[in-house]
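Read-outs throughout are calculated quantities, based only on the coordinates presented, and are distinct from any laboratory measurement. All values derive from a computational prediction rather than experimental measurement. Neighbour counts are summed over all protein chains in view; Cβ atoms, including those assigned to glycine, are modelled from backbone coordinates with ideal geometry.
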Amino acid sequence: MSEENPPHLNAEQIREGTQKGLKKYENLSFIEQYAMYMGMAQLLEFGLKKLYEEKFGGSLDDMERWTLGKTRVELERKGLREDFIALLKGVTDSRNHIAHEILANEALMNGMMNKLNVQGAFSKNKRILWKAINELEHVCFLFDWTNENNGWD
């Protein structure tokens, strides 16, 4: 494509790309969805570090201990696309909540529900996780597409 006509995405393509990413979560238990989510967040983090290395000359060895949040901040400092950084901030915040709160909350809630002999409740933690999964898969799709189409500038 020419510089005058760069590749672009429409809303339907973004929705379809995100839905494709969500398929891997189907038929998984809560804990399996959690594990898949955390794994995908790690893959995104590594991809962002690789982008930093390639675009801004960083060293993967120096970035080894960077968190997803630190990586986002450094990419923002270097002037990476503001629209992508805004989406990534949401993912970073959700990932931190999921990583540090949701398993403990779910275990506590399940323990209380079992003691009260309550069956079949739909957990708030499951809804929070599913929202975070959607957000992460959306950003992963946009990251992959932007990388493939050299759309960082």
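Could you work out how much longer the chain between Asp83 and Lys124 gets when fully extended? Use 0.36 nm per residue separation minus the Cα distance between them, nm to one decimal. Display every interim value, and only then the final one.
Numbers: separation 41, 0.36 × 41 = 14.76 nm, distance 2.91 nm.
This chain segment gains 11.8 nm when fully extended.
Nearest 0.05, what FRET efficiency do Asn149 and Ala11 give at R0 = 22 Å with Cβ-Cβ as r?
Values: r = 17 Å, r/R0 = 0.77.
Here the calculated transfer efficiency is 0.85.
Past the 27 Å Cα-Cα mark, which pairs from Lys55/Lys89; Lys49/Lys131; Lys24/Lys78; Lys78/Lys131?
Details: Lys55/Lys89 20 Å; Lys49/Lys131 25 Å; Lys24/Lys78 33 Å; Lys78/Lys131 29 Å.
Table pairs above 27 Å Cα-Cα are Lys24/Lys78; Lys78/Lys131.
Can you list, bin by bin at 10 Å, the percent of alpha carbon pairs in the chain, starting at 0?
10, 35, 31, 16, 6, 2, 0
Checking understanding here: applying a Kyte-Doolittle mean of at least -1.0 and a length along the axis of at least 20 Å (C-alpha), which whole DSSP H helices in the chain pass?
Values: long enough: 30-56 (38 Å, 0.00); 82-97 (23 Å, -0.41); 124-148 (36 Å, -0.48).
Flagged H segments are 30-56, 82-97, 124-148.
In deg cm²/dmol, rounded to 500, what helix-only [θ] at 222 nm does the chain give when every DSSP H run of at least 4 residues adds -39500 (n - 2.57) and the total is split over its residues? Don't jump to the answer; show the numbers that get you there.
On the way: 7 runs with 107 residues, N = 153.
When only DSSP H runs of four or more count, the value is -23000 deg cm²/dmol.
Modelled label-to-label distance, Lys131 and Leu103, 7 Å Cα→beta-carbon offset: nm?
Distance between label points: 2.2 nm.
Report relative contact order for the stretch 1-109 in percent, whole number only (criteria: Cα-Cα under 8 Å, sequence separation at least 6).
Values: 30 pairs, mean separation 20.0, N = 109.
With pairs under 8 Å counted, the relative contact order is 18 percent.
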